[in-house]
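The structure appears right after this line, and notes come after that.
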Amino acid sequence: MPNQQNKTKLFLLVLIPIISLLSGCEFKDIDKNVFVSMIGIDKSEEEGKPYKITLKLYVPTSSFKQSPEPEYSYISQSGETLTEAIRILETYSDKELEFGHTKLIVIGEELLKEKKAMELLDFLMRRPDIQLISWVAVGRPSAEKIVKMVPQGENAAYPALFNYFDGIGTESQYIVSTYLFDFARRLKESGIDTILPIIEIKKEESHFEVNKSVILTNGGEPHELDTYATLLVNMILKNVEVADLFVKKEGHYFFTKIDSIKSKYKVKILDNNQVELDIKIHLNGFISESKKALDPEELTYYNQLFKQEGKENFKKALSELTKKGYDPIGFGLDYKARTWHNDRMSDEEWKEAYKNAKIKVEVIPGLKSTGAIQ
């Protein structure tokens, strides 16, 4: 028995020093981290360093009541690669840069023209600390200016720019919200192109303006959509639930409030690989404004005007996209889903057929009233 006790004591004497040498989980106090809210990536003006990264950092505060005005700090650095620029930026702060709370990635307009979207995507997708649900947008005139601007009325808890994309703040029909994971899917997948919102600063630099978009292809030139074209594409993609559309025909000029939008589309292959794009859109709502008096008894007539105007506008917008080979809606994916691999056109054949596609648009109007006038 004593021999057994001696063995136990010897075991404990050996075990205790070993346990004391083991390290626990690595943990850093929160005050040793600084959180990045936005990333701006621009074209650098330094030779040999094509990228310039700007980070918007939250400034820690014990109470938002003590700091009603938003406080941020900014650091910028150019580099030969994005990773190099980030590594140098880490030396600018005594705290560790934490990207886990980054919600917006802004790409400068000039950098976008350099056709380096795939290089940017490679960096963003490889970093495990950048969320795939971060939004991606284009900054005009530069990502740095967008990231550094603090508009009037912004609070310290939540940057105002986030409200444009999260669906909790403004719900504009002209805003496109693109997540990083969708940006990656569209850029890599054949048969659908990436669409990104454009963030602009008004001349007085008091607020942002987000009502245009840009279409990107892998290696192609960016194509900008104006405000109305962005709205029409949003409606086909069912990114919006309500919209305002105008009708200007036969001496009438009135606006409609659409509170129900249902769209569907499919690709038909006719003889000799002729492509037909078949789009059907149901639009229900009421007339919200008119330049002249309207007769409620003529509601059927106003619906016909609305149908003609809608058909012309949708067809015009889609024709401009197809002729230039841009496909943000995903007609190419629909074609591949409806055909067997052996019977399918090659990507190059599809692109050529898509540019010469016939467009068939059917608008089913549902204006319920001419509006209520007391």
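Given (1) open to solvent by less than 80 Å² (accessible area, probe 1.4 Å); (2) in contact (Cβ under 8 Å) with a residue 12 or more places away in the chain; (3) in contact with an Asp or Glu (Cβ under 8 Å, 6 or more places away or on another chain), identify the lone condition not met by LYS311.
Against the list (1) open to solvent by less than 80 Å² (accessible area, probe 1.4 Å); (2) in contact (Cβ under 8 Å) with a residue 12 or more places away in the chain; (3) in contact with an Asp or Glu (Cβ under 8 Å, 6 or more places away or on another chain), LYS311 comes up short only on (1).
Select from region 287-298 the residues that are open to solvent by 70 Å² or more (accessible area, probe 1.4 Å) and not charged (D, E, K, R) and list them in ascending order.
Matches in region 287-298: ALA293, PRO296.
Output the residues belonging to region 69-95 that are in contact with a helix residue (DSSP H, G or I) (Cβ under 6 Å, 6 or more places away or on another chain), outside any helix (DSSP H, G or I) and farther than 22 Å from PHE162 by Cβ. Walk me through how you get there before you give the answer.
Applying the first criterion (in contact with a helix residue (DSSP H, G or I) (Cβ under 6 Å, 6 or more places away or on another chain)) to region 69-95 yields 74-75, 77, 79, 82, 95.
Next, only the ones that are outside any helix (DSSP H, G or I) stay: 74-75, 77, 79, 95.
Passing the criteria: GLN77, GLY79, LYS95.
Hey, could you check region 167-184 for residues that are free of Cβ contacts under 8 Å to residues at least 60 places away in the same chain and touching a strand residue (DSSP E or B) at 6+ places or on another chain (Cβ under 9 Å) and say which is surrounded by the most Cβ atoms within 10 Å (Cβ to Cβ)?
ILE175
So which residues in region 199-214 are in contact with a Ser or Thr (Cβ under 7 Å, 6 or more places away or on another chain) and either among the basic types (Lys, Arg) or under 30 Å from LYS336 (Cα atoms) (or both), if there are any at all?
Of the residues in region 199-214, the ones in contact with a Ser or Thr (Cβ under 7 Å, 6 or more places away or on another chain) are 211-213.
If the condition is that a residue be in contact with a Ser or Thr (Cβ under 7 Å, 6 or more places away or on another chain) and either among the basic types (Lys, Arg) or under 30 Å from LYS336 (Cα atoms) (or both), then LYS212, SER213 are the ones that fit.
Would you check which residues across region 323-351 are touching a residue at least 24 places away in the same chain (Cβ under 8 Å), of a type outside the set (A, V, I, L, M, F, W, C), open to solvent by less than 60 Å² (accessible area, probe 1.4 Å) and over 16 Å from LEU237 (Cβ atoms) and list them? Break it down stepwise before answering.
Applying the first criterion (touching a residue at least 24 places away in the same chain (Cβ under 8 Å)) to region 323-351 yields 323-336, 338-339, 345, 347, 349-351.
Right, trim to of a type outside the set (A, V, I, L, M, F, W, C) and you get 323-328, 330, 332, 334-336, 338-339, 347, 349, 351.
Filter again for open to solvent by less than 60 Å² (accessible area, probe 1.4 Å), leaving 325-328, 330, 332, 334-336, 339.
Within region 323-351, GLY325, TYR335, LYS336, THR339 qualify.
Of all residues in region 112-142 being of a type in the set (A, V, I, L, M) and exposed (fewer than 15 other Cβ atoms within 10 Å of the Cβ), which is farthest from HIS207 (Cα to Cα)? Full working, then the answer.
Initial filter on region 112-142 (of a type in the set (A, V, I, L, M)): 112, 117-118, 120-121, 124-125, 130, 132-133, 136-138.
Now restrict to residues that are exposed (fewer than 15 other Cβ atoms within 10 Å of the Cβ): 118, 132-133.
Numbers: MET118: 31, LEU132: 27, ILE133: 25 Å.
The selected residue is MET118.
From the set of residues in region 143-162 that are loosely packed, with under 15 Cβ neighbours inside 10 Å and not hydrophobic (A, V, I, L, M, F, W, C), which is nearest to PHE208 (Cα to Cα)?
Here the answer is GLN152.
Of all residues in region 269-291, which are farther than 28 Å from GLU241 by Cβ and either in contact (Cβ under 8 Å) with a residue 60 or more places away in the chain or touching a strand residue (DSSP E or B) at 6+ places or on another chain (Cβ under 7 Å) (or both)? I'd like the intermediate steps shown before the answer.
Here is the first cut: in region 269-291, the ones farther than 28 Å from GLU241 by Cβ are 269-276.
Of everything in region 269-291, those that are farther than 28 Å from GLU241 by Cβ and either in contact (Cβ under 8 Å) with a residue 60 or more places away in the chain or touching a strand residue (DSSP E or B) at 6+ places or on another chain (Cβ under 7 Å) (or both) turn out to be ILE269, LEU270, ASN273, GLN274, VAL275, GLU276.
Within region 139-161, how many residues are closer than 12 Å to VAL106 by Cα and out of contact with any helix residue (DSSP H, G or I) (no Cβ under 6 Å at 6 or more places or on another chain)?
Let us first name the residues in region 139-161 that are closer than 12 Å to VAL106 by Cα, namely 139-148, 161.
Add one more test, that the residue is out of contact with any helix residue (DSSP H, G or I) (no Cβ under 6 Å at 6 or more places or on another chain), and what stays is 141-148, 161.
Qualifying residue count, region 139-161: 9.
The values are calculated or read from the model by the stated rules, or taken from the named source; none is laboratory data. All values derive from a computational prediction rather than experimental measurement. Please note: Cβ atoms are built from the backbone with ideal geometry, for glycine as well, and neighbour counts cover all protein chains shown. Each accessible area value is taken on the protein alone, full model and side chains, heavy atoms only, with ligands, DNA and RNA left out. Shrake-Rupley method; radii C 1.70, N 1.55, O 1.52, S 1.80 Å.
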